[in-house]
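Okay, so here's the structure we're looking at.
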Amino acid sequence: MSRHATLGIRRRTALRCLAAGTAASLLSACGGKGTGGGPKKQAIRAFVVGRCRYRAEGTGVDAALTVHQDGTWESAQWDGITGTWGSEGDGVSVDAPDGFLTAGEEASALSVSGFPGAIPADFDGDCAYAPGWDGLHADTLHMRVTGRDVRLTLSRGAGKGSVINCKRL
């Protein structure tokens with residue numbers, strides 16, 4: 001296998017890790033102000049917009065993420081990566097990061113749904129996770145919020161899940 005092919009595989013695997021971090025960070029709340037939509041949509045947007053640092057346990061993924069009100073996000077990981085996100089109903093969706101897919105390749109957005117009407121500073125609960133372009137084998141996102149700290153566990157069934165720790169900056 002050529003060096004370039006190996007780098008491509010590692011980059012794709014790394015981007016999948018970023019997917020988990022990005023989705024989790026978007027969902028974990030960087031903390032900001034939401035506008036527009038109904039009360040639930042405003043609460044979700046307010047919870048998501050802002051800046052945070054995330055670390056995926058056991059992967060070496062550790063980066064800062066900024067989520068903008070205009071539906072874009074950016075991370076300094078891998079010399080910078082960007083993408084788009086949106087909120088609809090009781091959830092959030094994250095499209096594939098810019099440059100993640102090859103020409104002509106299509107993939108659905110990953111999404112998390114089932115947020116409560118308001119997300120308190122001490123929230124501890126589950127949301128439904130629907131993988132898309134990230135390829136993660138998870139169907140539940142458990143979110144524990146303690147002030148500025150958020151611990152997310154992505155899992156399927158009773159199996160041990162992937163853990164991502166986030167801190168609002």
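The values are calculated or read from the model by the stated rules, or taken from the named source; none is laboratory data. Here the structure is a predicted model, which means the values were calculated and not measured. We place every Cβ from the backbone using ideal geometry, glycine too, and count neighbours over all the protein chains shown. Each accessible area value is taken on the protein alone, full model and side chains, heavy atoms only, with ligands, DNA and RNA left out. Shrake-Rupley method; radii C 1.70, N 1.55, O 1.52, S 1.80 Å.
Selection over the range 73-94 of residues that are farther than 21 Å from VAL150 by Cβ, assigned to a strand (DSSP E or B) and free of Cβ contacts under 8 Å to residues at least 24 places away in the same chain gives a count of 2.
Residues that are open to solvent by 40 Å² or more (accessible area, probe 1.4 Å) and aliphatic (A, V, I, L, M) within the range 105-120 comprise ALA107, ALA118, listed in sequence order. Does ASP62 fit the bill of being within 15 Å of the chain's Cα centre (by Cα) and either closer than 17 Å to GLY132 by Cα or of a type in the set (A, V, I, L, M, F, W, C) (or both)? No; evaluated as a whole, the condition is false for this residue.
Let's see how each residue does on (1) touching a residue at least 24 places away in the same chain (Cβ under 8 Å); (2) out of contact with any Pro (no Cβ under 6 Å at 6 or more places or on another chain); (3) under 15 Å from VAL48 (Cα atoms):
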site	(1), (2), (3)
ALA96	yes, yes, no
THR102	no, yes, no
ALA109	yes, yes, no
GLY114	yes, yes, yes
ARG144	no, yes, yes
